[in-house]
Amino acid sequence: MDTVAWYSTLTFFYTHIYKLWLSFSRSFRIMDDDGSRSIDYKEFCKGMHDYGLMLEKEELQDLFTRFDADGSGTIDFDEFLKNLRVSVWQVSG
């Protein structure tokens, strides 16, 4: 691959990743109703509902627990991003 093609591919890749990050960031801010920079269980459930995910109470709790990796009772942006990033790579891979 020549330098121009490599640069073009790299630019495309970084642009795509940046757009995904912006999308995840926007979703996180929308779900963070109180502006605390973390999502509690109530905000998480409301966000899932707002995005059209109608899950049972047990499913919501399980999903929240998976996102809340440190067990703090809230999901910070890093935890949110990590879980969505894993999901995107599993779907596209």
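Summary of values
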item: Some residue of region 63-86 being among the hydrophobic types (A, V, I, L, M, F, W, C), loosely packed, with under 10 Cβ neighbours inside 10 Å and at pLDDT below 95; result: no
item: Pairs, first among the basic types (Lys, Arg) in region 39-57, second open to solvent by 60 Å² or more (accessible area, probe 1.4 Å) and assigned to a loop (DSSP other than H, G, I, E, B), C-beta under 8 Å, six or more apart; result: LYS46/ASP33
item: Tally, over region 50-64, of residues that are closer than 24 Å to TRP21 by Cβ and out of contact with any strand residue (DSSP E or B) (no Cβ under 8 Å at 6 or more places or on another chain); result: 5
item: Test: residue in region 38-46 that is exposed (fewer than 13 other Cβ atoms within 10 Å of the Cβ), of a type outside the set (D, E, K, R) and within 15 Å of PHE80 (Cα to Cα); result: no
item: Lone unmet requirement of (1) open to solvent by 60 Å² or more (accessible area, probe 1.4 Å); (2) at pLDDT 95 or above; (3) charged (D, E, K, R) for ARG26; result: (2)
item: From GLU43, GLU58, residue being of a type outside the set (Ser, Thr, Tyr), in contact with an Asp or Glu (Cβ under 6 Å, 6 or more places away or on another chain) and part of a helix (DSSP H, G or I); result: GLU43
item: Residue within region 3-23 that is more than 14 Å from ASP76 (Cα to Cα), of a type in the set (D, E, K, R) and surrounded by 12 or more Cβ atoms within 10 Å (Cβ to Cβ) present; result: no
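The values are calculated or read from the model by the stated rules, or taken from the named source; none is laboratory data. None of these values were measured; they are calculated from a predicted model. Quick reminder, even Gly has a Cβ in these numbers, built from the backbone with ideal geometry, and neighbours come from all protein chains shown. Surface accessibility is based on the protein's heavy atoms, side chains included, excluding ligands, DNA and RNA. Shrake-Rupley method; radii C 1.70, N 1.55, O 1.52, S 1.80 Å.
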